[in-house]
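Structure, as structure tokens:
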Amino acid sequence: MNLDSPIDSLTVKVIIDDVGKLSAPRLSRPSFEVDENDFFLDVRNIARYRVQNGNKVFINPHENADIASIKLFLNGSVLGAALHQQGILPFHGSSFEYEGKGVIVCGHSGVGKSSVMVAFCQNGGNFINDDITPVRITGSATFITPIKTGIKLWDDSLRKLNIEKNGLEKIRPALEKFYLTEREIFSEEQRLDHLFILGTHQKEEFIVNELTGMGKYDVLRKQIYRRVYLKGMPATEKSYFKQLLLLAARVRVTKILRPELCDIYETMANIQNEILR
Amino acid sequence: MKNTVWLVSYPKSGNTWFRMFLANYLKNVAAPVSLREIESTPLASSAIDFEKVIGLNPFELTADEVDFYRPDFYRILSAEAENTGEVNYKKNHDAYTLNANGEPLFPEETSRGAVYFVRNPLDVCVSYANHGAGKVQRMVDFLLNEESYVAGRRSGQLRQKLLSWKSHIQSWQKQSLIPVHIVRYEDMQQKPTETFGSIINFLCLEYDEERLKRAITHSDFRALQRMEQEEGFPERKQLCKSFFWKGKIGNYRDYLSDKQIQRIVEYNYDTMKLFGYIDEHGNLTV
């Protein structure tokens, strides 16, 4: 079984033996354990994963698991743990370049991050990342780091985006969610300019609110991918505090509440107005 | 620690009304609390909370796989609440079921009890049709389907197995691991002090009749309707005009055909009789 690593700095090894659990983890939950440089995840009936020192992943697949499912969790929660170990802030968001600006759309699972990102890509934008976006913050600049994971879309989103699903690979055999055929992806880092937090409500209108001051910090902190792992990584969490303060000072942060039922392109238009404003 | 209370019902059976009563009773202030206080009794099926706690996207798991993790999910929430000493009140539409490992979704060791709200299935049917802006006939079929479920996929909530109306209540009645206190929606309307008071006693909360009556007044159905019109209600669906719709006992007579009534009654006869919706002569009581 051969599984590609989603980032160059990470080696992935599939093993027959058990990956083992942590000896005295700082955070222990029934399905995962976390220390500053060590992480264990058990996805039942799929695989057990171990991530160490931010550069090694060991995978012990379940005997009946399919490779697509093993890959999905490698490119999700496991990648998130590896990025945390490397001290690179991963945001729960999809990212793209539009009109020369680096944009991330964050939000909880199912809110429509991928759909709106694809809508932008259909209208002049360039895809960077789907679902997880690592952000590298230096003393003087802030960058989106491209990773090698595919765009995942539900069948109804494909339909709304006028994309034919025939021939697309399912992310898992049992789910009607598909990998969109690879688009040309950024191979170099892109400066981050604007971060959106997309949410839904039951009203008919869009509510757009650009944040200022410490409100930006609080909201940014909540967009960290797999933030729960940081309960076992206090040193990393501390380093993120400084990074988030820098980020809050440098990028625009806008919250957008969209109607639960609305057109993807209408959501795109609302975000587009804010990017260009 | 047994610090979780499940507020259980088939949809549209008075659960949210009770949650507003409870928010008022617990807060114990002179003015009615805002509808936003509904968040103090959150949904047991929140997909966002699941992902935060379990660290997996529930929509990239199958619904049955999610059910593997749900007992752990509730144990962790219970452990986190232990630090604050507070009771976790969780709104819950699930039937009492086991996951594929044979484990109940709701762990005995963290469950203090369950309050079960039962309502005449004929009224449930029309109220639920309004809530989802759906067709009444579809709701009739839903209430009689042993495989009925709601949410799942990426709806914002985890899949909840409801089963049929009668199997839902039977599933909670038959289990013996979690103490259950059953109240009728109709009694909440017609005998509020006695009915809401019985829940306060079941939950071992301090019983104070003046406080009880004030909370009942503050969560009166018409007051909730008025507040929804003024400030909106976060749990209303976009296509539904109002969450607190009519709340009327016997409202079904304006919406269900004789044939639809007959189907619901025939399927649920014994359970409807048990809860007083059919009298000893076999006649509908409302």
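Here the range A:152-174 is the region considered, the condition is being closer than 24 Å to A:CYS262 by Cβ and either within 13 Å of chain B (Cβ to nearest Cβ) or of a type in the set (Asp, Glu) (or both), and the residue that is nearest to the chain's Cα centre (by Cα) is A:LYS152.
Looking only at the range A:237-263, count how many residues are touching a Gly at 6+ places or on another chain (Cβ under 7 Å) and within 14 Å of chain B (Cβ to nearest Cβ). Count: 1. The set of residues from the range A:145-180 being aliphatic (A, V, I, L, M), within 18 Å of A:PHE96 (Cβ to Cβ) and surrounded by 21 or more Cβ atoms within 10 Å (Cβ to Cβ) comprises A:ILE147, A:ILE151, A:LEU153, A:LEU180.
If you go through the range A:237-273 and pick out every residue that is of a type outside the set (Val, Ile, Thr), outside any helix (DSSP H, G or I) and touching a residue at least 60 places away in the same chain (Cβ under 8 Å), you end up with 3. Of all residues being touching a Lys or Arg at 6+ places or on another chain (Cβ under 9 Å) and outside any loop (DSSP other than H, G, I, E, B) in the range A:159-177, which is nearest to A:CYS121 (Cα to Cα)? Just the residue, please. Step by step, filter the range A:159-177, then rank; the result is A:ARG159. Here B:VAL33, B:VAL29 are screened, and the one residue that is away from chain A (no Cβ under 14 Å), crowded, with 16+ Cβ neighbours inside 10 Å and either polar (S, T, N, Q) or not in a helix (DSSP H, G or I) (or both) is B:VAL33.
Do we find that A:ARG44 is away from chain B (no Cβ under 14 Å) and under 29 Å from B:TYR74 (Cβ atoms) in this structure? Spelling it out, it is not the case that A:ARG44 is away from chain B (no Cβ under 14 Å) and under 29 Å from B:TYR74 (Cβ atoms).
Has the range A:6-24 got any residue that is among the hydrophobic types (A, V, I, L, M, F, W, C), within 13 Å of chain B (Cβ to nearest Cβ) and in contact (Cβ under 8 Å) with a residue 60 or more places away in the chain? Scanning the range A:6-24, I find no residue that is among the hydrophobic types (A, V, I, L, M, F, W, C), within 13 Å of chain B (Cβ to nearest Cβ) and in contact (Cβ under 8 Å) with a residue 60 or more places away in the chain, so the answer is no.
Could you tell me which residue of the range B:199-219 is surrounded by the most Cβ atoms within 10 Å (Cβ to Cβ), considering only residues that are in contact with a strand residue (DSSP E or B) (Cβ under 7 Å, 6 or more places away or on another chain) and in a helix (DSSP H, G or I)? Checked the range B:199-219; the qualifying residue surrounded by the most Cβ atoms within 10 Å (Cβ to Cβ) is B:ILE199. Can we say A:LEU27 is touching a residue at least 40 places away in the same chain (Cβ under 8 Å), within 14 Å of another protein chain (Cβ to nearest Cβ) and touching a helix residue (DSSP H, G or I) at 6+ places or on another chain (Cβ under 6 Å)? Spelling it out, A:LEU27 is indeed touching a residue at least 40 places away in the same chain (Cβ under 8 Å), within 14 Å of another protein chain (Cβ to nearest Cβ) and touching a helix residue (DSSP H, G or I) at 6+ places or on another chain (Cβ under 6 Å). Condition check for A:GLN122 on (1) of a type outside the set (A, V, I, L, M, F, W, C); (2) touching a strand residue (DSSP E or B) at 6+ places or on another chain (Cβ under 8 Å); (3) farther than 22 Å from A:PHE241 by Cα: one failure, at (2). Checking each residue of the range A:124-136 against the condition of being within 14 Å of chain B (Cβ to nearest Cβ) and more than 22 Å from A:ARG227 (Cβ to Cβ) gives no match.
For the range B:38-52, the criterion of being within 10 Å of another protein chain (Cβ to nearest Cβ), farther than 13 Å from A:VAL43 by Cα and more than 23 Å from the chain's Cα centre (by Cα) is satisfied by at least one residue.
Taking the range B:13-37 as the range and being over 15 Å from the mean Cα position of the chain (by Cα), of a type outside the set (A, V, I, L, M) and under 16 Å from B:LEU205 (Cβ atoms) as the test, the residues that pass are B:ASN24, B:TYR25, B:LYS27, B:ASN28.
Here's the yes/no breakdown for (1) within 13 Å of chain B (Cβ to nearest Cβ); (2) at pLDDT 95 or above; (3) in contact with a Cys (Cβ under 9 Å, 6 or more places away or on another chain); (4) in a loop (DSSP other than H, G, I, E, B):
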residue	(1), (2), (3), (4)
A:SER187	no, no, no, yes
A:LEU195	no, yes, yes, no
A:ALA235	no, yes, no, no
A:ILE275	no, yes, no, no
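Within the range B:152-159, the presence of a residue that is more than 14 Å from every other protein chain (Cβ to nearest Cβ) and hydrophobic (A, V, I, L, M, F, W, C) is excluded. Restricting attention to the range A:200-224, the residues that are at pLDDT 95 or above, within 14 Å of chain B (Cβ to nearest Cβ) and surrounded by 14 or more Cβ atoms within 10 Å (Cβ to Cβ) total 4.
Is it the case that B:SER9 is more than 14 Å from every other protein chain (Cβ to nearest Cβ), modelled with pLDDT under 95, under 30 Å from B:GLU209 (Cβ atoms) and in contact with a Phe, Trp or Tyr (Cβ under 9 Å, 6 or more places away or on another chain)? Give the derivation first.
Values: more than 14 Å from every other protein chain (Cβ to nearest Cβ): yes; modelled with pLDDT under 95: no; under 30 Å from B:GLU209 (Cβ atoms): yes; in contact with a Phe, Trp or Tyr (Cβ under 9 Å, 6 or more places away or on another chain): yes.
For B:SER9, the condition - more than 14 Å from every other protein chain (Cβ to nearest Cβ), modelled with pLDDT under 95, under 30 Å from B:GLU209 (Cβ atoms) and in contact with a Phe, Trp or Tyr (Cβ under 9 Å, 6 or more places away or on another chain) - is not met.
Screening the range A:258-273 for residues that are modelled with pLDDT of 95 or more and among the hydrophobic types (A, V, I, L, M, F, W, C) and picking the one that is surrounded by the most Cβ atoms within 10 Å (Cβ to Cβ) gives A:ILE271.
Residue-wise test of (1) in a helix (DSSP H, G or I); (2) crowded, with 22+ Cβ neighbours inside 10 Å; (3) in contact with a Pro (Cβ under 6 Å, 6 or more places away or on another chain); (4) more than 14 Å from chain A (Cβ to nearest Cβ).
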{"position": "B:LEU56", "(1), (2), (3), (4)": "no, yes, no, no"}
{"position": "B:VAL66", "(1), (2), (3), (4)": "yes, yes, yes, no"}
{"position": "B:PRO71", "(1), (2), (3), (4)": "yes, no, yes, no"}
{"position": "B:ARG75", "(1), (2), (3), (4)": "yes, no, yes, no"}
{"position": "B:ALA79", "(1), (2), (3), (4)": "yes, no, no, no"}
{"position": "B:ASN83", "(1), (2), (3), (4)": "yes, no, no, no"}
{"position": "B:TYR96", "(1), (2), (3), (4)": "no, yes, no, yes"}
{"position": "B:ALA100", "(1), (2), (3), (4)": "no, no, no, no"}
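The values are calculated or read from the model by the stated rules, or taken from the named source; none is laboratory data. Because the structure is predicted, anything quoted here is derived from the model rather than measured. Here Cβ is always computed from backbone atoms with ideal geometry, including for glycine, and neighbour counts include all displayed protein chains.
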